[in-house]
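Scroll down for the structure; my scribbles are underneath it.
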Amino acid sequence: MFLRMVIGAVTRQKRKLLMMAGAMALGISLATAMLNVMLDVGDKINQELKTYGANIMVTPRGASFLGDLYGIEEGAGVSNRYLAEDELPKIKTIFWAFNIVDFTPWLDARVSVNGSEAGVPILGAWFRKHLDLPTGESVDTGIINLRSWWDVRQGWLKDDDMSGIMVGGAYAATHGIHQGDALTLSVRHTSGGERTARVVVRSIFYSGDREDDGLLAPLALVQRLTGLEGKVRRVEVSALTTPENELARRAAQNPRTLSRQAWEVWYCTAYVSAIAFQIEEALTDARAKPVLQVAEAEGAILQKTQLLMLLLTCMSLACSALAISNLVTANVMERGTEIGLLKALGATDSQISLVILAEMLIATFLGGAFGYAAGLGLASVIGHSVFGSAVSAKGLVVPIVALLILLVTLGGSIPAIRMLLRLRPTDVLHGRGAS
Amino acid sequence: MLVALLAVVIGATVFLGMGAVYYDIPRQMGREFRSYGANLVLVSSGGNSVLSLDDAKRAIALLPADKLVGASPFRFETMYYNRQGVTVVGADFTAVKKTSPYWQIQGEWPQKDDEILIGTDIAEHTRLYAGSFVTLDIVPPKGRKISKELRISGVVRTGGAEDGFVIMPMSGLEGIMGVPGTANVVEISIAASGEELSRFIEVLQAESQGITPRLVKRIAASETTVLSRLQVLVYLVTGIVLFLTMICVGTTMMTVVMERRGEIGLKKAIGAGNKVIIAEFMGESTILAFAGWLLGIISGYFFAQIVSMSVFSRGVEMPFVLVLLALVASFVVTLLASLIPVSMSTDVEPALVLRGE
């Protein structure tokens, strides 16, 4: 009997229930899209923030930072310590290897160009180096990704190009150097020897920073010129990180002060300090330091964005839940006559409530299922048009959405049903009371 | 009727709330991005690397004050610690806190002229920490070598060049080295990106003397990229939420009107014309739309305020255009949503409607 009544009601009231299912589908598609985007926005924004460049700097232990802000003070505190180039692939084997997006070694030197006396700064780096890792994977990494803001008009160098260099915009302008010019670079060593290399200017670059006053070459070329084969001065690492919290700050000061449990939590979370610590473990005599300018700002922006999306999601969910439960109430209220009739025929209150609730739930869940599918579509539209990659569908969204439908339907229908049940059948049937 | 009103209120709330947040995001997020530090530096345009602070001040006055987050001058000098050269930076710490909020200090910021910060690399190397005293040898441009005892008030950690510097108050450095009112660079953090920033640079270049503005390309270019992505994200999300909410409100309104088919039939049966019925429903919808809009303004403002306060800790402005747009939207949605079912019902034979078919 119950089943027959429900089926009967669903088929007879097709139009009204369809409308409600439609509204539910809209609301749920909104919820699904917002929730999926919200849960994924952290990863996506994190990827975007990688355009700011490296957030971890690795230097040899004991060497103080070759620090010259804006090229004002040069050569302060340089000591002859280096990192070994062949150890660098190990960076991609640490616990958080998957979070290491890019890295590149740097080696700096001063060369004389075409026999001039003044030392011109030259930087050697990987451009897009192909590395085969001990784990069997392979990566391509280098400054082409890490310096995305550089303006390079004639293309970057190749790593195995031993006779090509790039020239900074400012240096090229003051010395009248153009693409295609041939230069002779030479480095005089303290031991008395001199190494020279004949190179061709492949392109001019504009960095907007002090690199504009110098030259840029493949790492191997600078190593050969300086006689520092297999050595690098520092390594820049760009990693995806979790915003820092109190624990991470304490660990950053000194990881050894943490309790065993806290230490494990810290080590197994992608804090920038934890990743830096793991890089130190992987390389011999290395010191890895988070570049706070990038790391801190990244954390701040990530948190703000996530919070913003979370609040927007909650607010819009609350509004659409209210709107839909409003509709459900309207739908139930309309059926005063039906309830009166049922009561007159001797149905108990619980029977009536069950029938109505069952109908409502069937309609809303059907609508919700459609809405979920549509919402996934919407989420991927957002993902593709904003970030150029799909927003992954999170399993967590399904129970949240199901709970939402249940709450909205029950919250919308129960008060209305209770109100209608309180009415006397005769009044309702006569057309008074309700609505 | 209450159901319909509630629907309109919700629609107007979402419209105004999301609209205000969307309108405000670029400004608010732009401020957040300033935690990356300076996006513009002023350097000397002359041959030597020293610029006059008065010139810099005149240049900064050309920038809009409400967009300027901070401007901090830096002066670089060399002093000697145990005959080893160290770079000593003169800085204005109140300005540094604004332009470079990422500096982490163990200890305290210097309060007096003879207090200094040392970089964490120096601290580790020399085993000197906050609270200890250090003697630096100084060779001023004029005069003989002097020694000065300074108190370390804190250790600064940035992961950048500052880790290897000694940093002291500008006034303290001026007292030792002489030549007050000069700096090597002035870092400026300004809440602008892309074209707006380039425009500021052009203005500075054209109208100021003695200084050259330089864009910190790394910060400025990246900010433009990321900020535009964020804007598109909020734009799309707002668009989708608005669209779906409007449809939702529309459906609710339609259901409410559909319910009144019996009433329409009855009116027709006693001789009302289609036009009269439609006009009556339109009148009701107008009142509904207007009342819903009024209530929606209040709750929409709270919606936006809550979001903005908890994310950016700043209040939100409700642009007047948006309020007017919300009125238009609530009228269009309400009128359309009642017009469709009413005109459908008026075509029906009254007898059939009244019988409930």
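Things to note:
- Calculated FRET value between A:Asp86 and A:Gln47, using beta carbons and R₀ = 41 Å, to 0.05: 0.90
- Rolling a 1.4 angstrom probe over the protein heavy atoms with all chains in place gives chain A an accessible area of 43 Å² per residue.
- Estimated FRET transfer efficiency (B:Val139, A:Ala318; beta-carbon r; R0 51 Å; 0.05): 0.15
- Rel. contact order, % - alpha carbon contacts under 8 angstrom, at least six apart, chain B: 29
- Rounded Å value of the spacing that divides the Cα centres of region A:180-250 and region B:274-328: 59
- Placing pseudo-labels 7 Å out from each Cα toward the beta carbon at A:Asn245 and B:Ser310 gives an inter-label distance of 1.8 nm.
- Here the Karplus relation 6.51 cos²θ - 1.76 cosθ + 1.60, evaluated at θ = phi - 60°, turns the backbone of region B:319-329 into coupling constants of x, 5, 4, 5, 4, 5, 4, 5, 4, 4, 4 Hz, with x for every Gly and Pro.
- Cα centroid of region A:302-318 to Cα centroid of region B:331-351, whole Å: 38
- The protein assembly as shown shape via C-alpha gyration tensor axes, a/c threshold 1.5: prolate
- The gain in end-to-end length when the A:His130 to A:Ser186 segment is fully stretched comes to 17.3 nm, 0.36 nm per residue minus the alpha carbon separation.
- A straight Cα-to-Cα reach below 20 Å connects B:Lys217 with the lysines A:Lys50, B:Lys67, B:Lys98, residues fewer than 8 places away in its own chain not being considered.
- Region B:1-75 and region A:327-389: distance between their alpha carbon centers, rounded to Å: 45
- Gyration tensor (alpha-carbon) shape descriptor, region A:55-241, a/c threshold 1.5: prolate
- Accessible area of region B:38-215 belonging to carbon and sulfur atoms, whole % at 1.4 Å probe: 48
- Taking A:Ala282, A:Ala248, A:Ala358 in turn, the Gaussian network model of chain A (Cα-Cα springs below 10 Å) assigns the largest fluctuation to A:Ala358.
- Largest GNM mean-square fluctuation across A:Met57, A:Met419, A:Met19, computed for chain A with C-alpha springs under 10 Å, falls on A:Met419.
- Take the Cβ atoms of B:Glu349 and B:Leu2, set R0 to 30 Å, and the FRET efficiency comes out at 0.45.
- Relative contact order of region A:245-396, defined on C-alpha pairs under 8 angstrom at six or more residues apart (%): 8
- Within 10 Å of each Cβ in B:219-227, the average number of Cβ atoms from other chains: 5
- Proximal lysines relative to B:Lys268, as straight alpha-carbon distance under 17 Å, when same-chain residues fewer than 8 apart are discounted: none
- Per-residue average of Cβ from other chains inside 10 Å of A:20-27: 4
- Theoretical ellipticity at 222 nm over chain A - DSSP helices of four or more residues, -39500 (n - 2.57) apiece, nearest 500: -16500 deg cm²/dmol
- Protection proxy ranking, peptides A:309-320, B:108-119, A:148-159, average beta carbon neighbours within 10 Å, highest first: A:309-320, B:108-119, A:148-159
- Cα gyration tensor category, rounded, prolate or oblate, for chain B with a/c compared to 1.5: prolate
- Listed residue pairs exceeding 22 Å between alpha carbons, taken from B:Lys57/B:Lys112; A:Lys92/A:Lys289; A:Lys92/A:Lys129: B:Lys57/B:Lys112
- Spin-label zone in region B:271-291 - amide nitrogen under 18 Å from a point set 7 Å from the Cα of B:Val332 along the C-beta vector: B:286, B:289-290
- Projecting label points 7 angstrom from Cα along Cα→Cβ for B:Gln231 and B:Glu207 puts them 2.3 nm apart.
- 10 Å Cβ shell holding at most 16 others, DSSP loop, GluC sites (Glu not before Pro): longest site-free stretch of chain A: A:230-435
- Interface area, A with B, accessible, probe 1.4 Å, both sides summed, Å² nearest 100: 6700
- Note: relative contact order over region A:247-310, using C-alpha pairs below 8 Å and six or more positions apart, is 21 percent.
- Amide H partners (placed H, <5 Å) of B:Val185, local residues excluded: B:Phe74
- Of the trypsin sites (Lys or Arg not before Pro) found in region B:1-106, those in coil by DSSP whose Cβ has at most 14 other Cβ atoms within 10 Å are B:Arg83.
- In the full protein context, region B:38-215 carries 46 Å² of accessible surface per residue, based on a 1.4 Å probe and ignoring ligands, DNA and RNA.
- Counting Cβ atoms of other protein chains within 10 Å of each residue's Cβ and taking the mean over peptide B:111-121 gives 1.
- For the pair B:Phe290 and A:Arg198, label points projected 7 Å from Cα toward Cβ lie 8.9 nm apart.
- Here the extension length gained between A:Gln351 and A:Asp151 equals 64.6 nm, from 0.36 nm per residue of separation less the Cα-Cα distance.
- Members of region A:297-327 that become less accessible by 50 Å² or more once partner protein chains are added (1.4 angstrom probe, chain alone as reference): A:Ile301, A:Lys304, A:Leu308, A:Leu311, A:Leu312, A:Met315, A:Cys319, A:Ala323, A:Asn326, A:Leu327
The values are calculated or read from the model by the stated rules, or taken from the named source; none is laboratory data. All of these numbers come straight from a predicted model, not from anything done at the bench. Here the Cβ is made from the backbone with ideal geometry for all residues, glycine too, and neighbour counts use every protein chain on show. Note: areas computed on protein heavy atoms with side chains; ligands, DNA, RNA excluded. Shrake-Rupley method; radii C 1.70, N 1.55, O 1.52, S 1.80 Å.
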